[in-house]
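Just so you know, all these numbers are worked out from the coordinates, no wet-lab data involved. Predicted model only: the values in this text are computed from it and were never measured. Note: ideal-geometry Cβ built from the backbone for every residue, glycine included; neighbour counts use all protein chains shown.
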Amino acid sequence: MSSFAFRLIAWQRSHGRHDLPWQGQDAYRVWLSEIMLQQTQVATVIPYYQRFVAAFPNIAALAAATEDEVLAHWSGLGYYARGRNLHKAARIVAERFGGEFPRRFEDIVELPGIGRSTAAAICALAWHEHRAILDGNVKRVLARYCGIEGWAGEKKIEEQLWQQAESLLPPPCRGRAGVGVKLLSSCDSTPILTFPLQGGRDDSIATYTQALMDMGATVCVRSRPRCAACPVQADCVAVQTDRTAQLPTPRPKKAVPERHAVFLLLMHGSDILLEKRPGSGIWGGLWCPPQFEDEVAARDWFLRSGMEARGGEKLKSFTHVFTHFKLHITPLKVELAHKPLRAGEPGSVWLEVGEALGAAIPTPVRKVLEQL
Ligand code: SF4
């Protein structure tokens, strides 16, 4: 029997994913993929990633773009703070590091939008530096494999998971090509084992890191893990204690707050008025129709605006689910007799609906525009 790291590396080489478009790419692409993959599945990310690197093939191109251009390429992927931080970080890299992605963990983790695990993943995948990662999938794998109870959002549980993540890392290879390297893990009881270096190069940490990600995404999945296909089943504590369904411990249940919003769709012919949202908060920096808490507030604002309506209708309401609350959205369409002067105000713009669909807009606005 082999150690945890040894088995994961061997498993990744024969069963892991090898055709992801960012694998084996430079640090910029690894960074971009890591940011896009936060809270988002691989299949969703791939087309966004490909369009993004086609538009911004390197850090210099990303740094030179406007925030609007970046967010237009992020539109539909959600969690827009990721796109804004990516853009800010590219500008910092261009200014402070001459456009070369930094190599030091301490510099990487200082960049906007990059936490400890993401910085470690970039170091491991792009620079082959031996660093532990702990994203949501890895937390699940380790909570089960090591039998750690408690919600990972609690500081002390997260600390335990980090300790395990560190202790399970494969050590840096000190062997010569063809000689092999010794591996030992503290979480399992197995003795020291060896595996060969690949072409004389120590890529074990990149393979191991990818293995953890692949395991979490394809084998140790949230519900009904595929334990029979798992390379570490033999000493998995969750399996031994029949707790695969109980681990990881879920977040304590709390009622999800519900909010309401009215989108006022001010139309003139096929043109619609959109406003740029403030830089922070939900949909920060994106273009949206004027938004109100309820229909009364929308109507009062419209009457005070001096605009003249020619007709209008209420479109189908729908609910958009955020991580921490649900937003019930009612779109009210108003056809205007004339385009108001308001169109010239900074932060607002009239766009033809087809053009608006290509702008930096959030998913619920896209949904509404597609109905028009
Ligand atoms: Fe996850 Fe099952 Fe593997 Fe344990 S044996 S790590 S529960 S897939």
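Going by average Cβ neighbours within 10 Å, how do the peptides 83-89, 28-34, 49-55 rank, with the highest at the top? Spell out each step's value before the answer.
Working: 83-89: 20.4, 28-34: 23.4, 49-55: 15.7.
Highest mean packing first, the order is 28-34, 83-89, 49-55.
What fraction of the Cα pairs in the chain, stated in percent, has a spacing above 32 angstrom? Mind showing how you got there, number by number?
Working: 31203 of 69006 pairs.
Summing the P(r) of the chain above 32 Å gives 45 percent of all pairs.
What is the order of Met267, Met36, fewest Cβ neighbours within 10 Å to most? Intermediate results must be reported in sequence, preceding the final value.
Details: Met267 19, Met36 23.
Ascending number of Cβ neighbours within 10 Å: Met267, Met36.
Where does each of 59-68, 130-139 land if you order them by average Cβ count within 10 Å, highest first? Before the final figure, lay out the partial values.
Working: 59-68: 16.8, 130-139: 20.4.
The peptides rank, most packed first, as 130-139, 59-68.
To make sure I understand, if each residue's beta carbon is the centre and we count other beta carbons within 10 Å, what order do Met307, Met213 fall in, fewest to most? Don't jump to the answer; show the numbers that get you there.
Values: Met307 19, Met213 24.
Ascending number of Cβ neighbours within 10 Å: Met307, Met213.
Suppose every Lys and Arg Cβ carries +1 and every Asp and Glu Cβ carries -1, with no other charges. What dipole size does the range 258-371 come out with about its Cα centre, to the nearest 20 debye?
In debye, rounded to 20, the range 258-371 gives about 180.
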